[in-house]
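Structure, as structure tokens:
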Amino acid sequence: MRKTVIIGAGLTGLSCGYKLKNKIDYVLIEKEKKAGGLCSSVFKNGFVFDYSGHLLHLRWEETKNFVLGLLKDNRVKIKRNAQIYLKGYYVDYPFQINLYNLPPEIKSKCVSDFLKANLYPKKDTRNFKQWAIRTFGKSICEYFMFPYNEKLFSYPLEKLTTLWLGNFVPRPDIKTVLEGAYIGKVKNLGYNYEFYYPKRGGINYITQKLANKIKEKIMTDLEVKSVSFKNKEIVLKNGEKIKYSKLINTTPLKDFILISDAPQKVKEAAKKLKHNTVYILNVGIKKTNFKQHWVYFPQKTFPFYRLGFYTNFSRYLAPENSDSLYAEVSVYENEFIDIEKTQELIINQIKKLKIIKDYADIKTLLWTKAECGYVIYDFEREKALKIIFDYLKRVGVISIGRYGGWKYSFMEENIKEGFEAAKEIMGGSYGV
Ligand SMILES: Cc1cc2nc3c(=O)[nH]c(=O)nc-3n(C[C@H](O)[C@H](O)[C@H](O)COP(=O)(O)OP(=O)(O)OC[C@H]3O[C@@H](n4cnc5c(N)ncnc54)[C@H](O)[C@@H]3O)c2cc1C
């Protein structure tokens, strides 16, 4: 008998399944031994590590109530304490509105270039690089925007569009920049100014709570190896075939299309989709005095683009007298990374930053990986996605989530998409 199949039990698939429960017959198929996807935690030697900081930015009523309802009183509400480390100075985030702490010569270059860019704006803003110069001026770009984003995306910035920006990069007016530079007024701009986080159990707490509500529907340790849209059938790694009536995909869109019987033109489009991979070194250490939630590192001398401190989200993420942090390193697609060498470089830098005194302060180390961390918004993405989604619509398949939708999205958005997909299926607008 055919039923609705959801592929992938990350936050998107789980949210969709939650809304479908008791409404229609469905099954959720997950390749790992446990549900959660990237919104999971790893437990080692008393430490709880996420796949780097996973903070809950809640802005929409339905999803906010839903997440807070899952957390109940196992939650903390946090005001961001984030900085940029540049040439020995810690500058509050967002950089562009907190220039106060910079040495005078860097500050005045940043301010005068910002004024020039805004008083005499350049017209061409097609790619991210041009847009950033037009918005922030040359110096803010050269000190922070360019080197940081190059490290994050591992991709040339002149080949990026501006479609990923959304709320992720705050765009201040002239008054705000001047106040931030000369009066040192504290600025609370940005989508992540305030956030929630589970008090205990890491971000895993959310997905496991959710998974428990639909546990009879989740089949783990089953990888989808191929998909036939013609036969409305998926084939699992163990050879088992499952016929579907409706299909929702939340796994990376590129792979999903490439393992399917989609026409060549659609597969060619999928091959154009690009992403980076984020490697995360999680470190359990002796207690430190660092109070920040995370710090950005634009300079090339640091192998990581960001360091974050789990125990500043919740002290319950590490044993007594310990702290924990993560260092995020990005490579383009599946580029080689020398893990041993990178680990040594990271540890040397956290020593230089005086986060630890020496190797003896390290209690545990664990590498994790976000395979498809950030999708790349290059100039081929839009056209490729149109071909793919037009085709998926024709064959009546929904593909959602950060990777199923191939976009720069966040947890709350994924929950929302999961809910909406469920509504679409139940409302009958699906596949027409
Ligand atoms: C470094 C980093 C930091 C982030 N920080 C934040 C943050 O602070 N706040 C925030 O809101 N968001 C953050 N995010 C985004 C967040 O992780 C995602 O938006 C969310 O976890 C995506 O959920 P998903 O279900 O769409 O995808 P996934 O979690 O990737 O779920 C997809 C599931 O499909 C499974 N799967 C894949 N292939 C197959 C197959 N062939 N067969 C069966 N199953 C398969 C996978 O195992 C996985 O469980 C961050 C992301 C990264 C990379």
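Some observations on this one:
- Only Cα pairs under 8 Å and 6+ residues apart enter the sum, and on that basis the relative contact order of segment 276-370 stands at 44 percent.
- GNM top mover of VAL177, VAL169, VAL283 - the chain, alpha-carbon springs below 10 Å: VAL169
- At an R0 of 60 angstrom, the distance between the Cβ atoms of LEU115 and LYS215 translates into a FRET efficiency of 0.55.
- Efficiency of FRET between ASN348 and ARG315 - r from beta-carbon atoms, R0 22 angstrom, step 0.05: 0.20
- Stretchable slack from LYS423 to LYS341, in nm (0.36 nm times residue separation minus alpha-carbon distance): 24.7 nm
- Checking the cross-link pairs LYS287/LYS354; LYS34/LYS209; LYS265/LYS383; LYS287/LYS363 against a 18 Å limit on the alpha carbon distance flags no pair as lying beyond it.
- SER139, SER399, SER245 arranged by Cβ crowding within 10 Å, fewest neighbours leading: SER245, SER139, SER399
- The three principal axes of the C-alpha atoms in the chain carry coordinate ranges of 71, 56, 43 Å, sorted with the longest axis first.
- Longest to shortest principal axis, alpha-carbon extents of segment 110-234, angstrom: 61, 42, 20
- Set of segment 252-287 residues, backbone N closer than 15 Å to the point 7 Å along the Cα-Cβ line of LYS383: 265-274
- LYS286 versus GLU61: modelled label distance in nm, points set 7 Å from Cα along the beta carbon direction: 5.3
- Rel. contact order, % - alpha carbon contacts under 8 angstrom, at least six apart, the chain: 25
- With K and R counted +1 and D and E -1, the other residues having a Cβ less than 9 Å from that of GLY8 yield a net charge of 0.
- Potential lengthening between LYS3 and ALA360 on full extension [0.36 nm per residue; Cα-Cα distance subtracted]: 123.0 nm
- Sorted by Cβ neighbour density within 10 Å, fewest at the top, the residues HIS275, HIS57: HIS57, HIS275
- Within segment 380-405, backbone nitrogen closer than 17 Å to the virtual label 7 Å beyond the Cα of GLU240 toward Cβ: none
- Neighbour net charge for LEU119 - beta-carbon separation under 13 angstrom, K R +1, D E -1: +1
- Coil-residue GluC sites (Glu not before Pro) of segment 233-319, DSSP, other Cβ within 10 Å capped at 11: GLU240
- A DSSP coil position with no more than 13 other Cβ atoms inside 10 Å describes the following trypsin sites (Lys or Arg not before Pro) in segment 70-110: LYS72, LYS87.
- Local electrostatic count at LEU70 - Lys and Arg +1, Asp and Glu -1, tallied over other residues with Cβ under 10 Å: +4
- Note on the chain: helix-only mean residue ellipticity at 222 nm, from DSSP H runs of 4+ residues weighted -39500 (n - 2.57) and normalised by residue number, equals -9000 deg cm²/dmol.
- Segment ARG171-GLU32, extension gain: residue separation times 0.36 nm, minus the distance between their alpha carbons: 46.0 nm
- Secondary structure note: in the chain, about 70% of the DSSP beta bridges are antiparallel.
- Computed over segment 89-183, the ratio Rg/Rh where both radii use C-alpha atoms and Rh is Kirkwood: 0.95
- Sites listed here are GluC sites (Glu not before Pro) in segment 305-402 whose DSSP assignment is loop and whose Cβ has at most 10 other Cβ atoms within 10 Å: GLU320, GLU335.
Bear in mind these aren't lab numbers, they're just calculated from the coordinates by the rules spelled out. Bear in mind that the values here come from a model prediction, so they are computed numbers and not experimental data. Cβ sites come from the backbone with ideal geometry, for glycine too, and all protein chains shown count toward neighbours.
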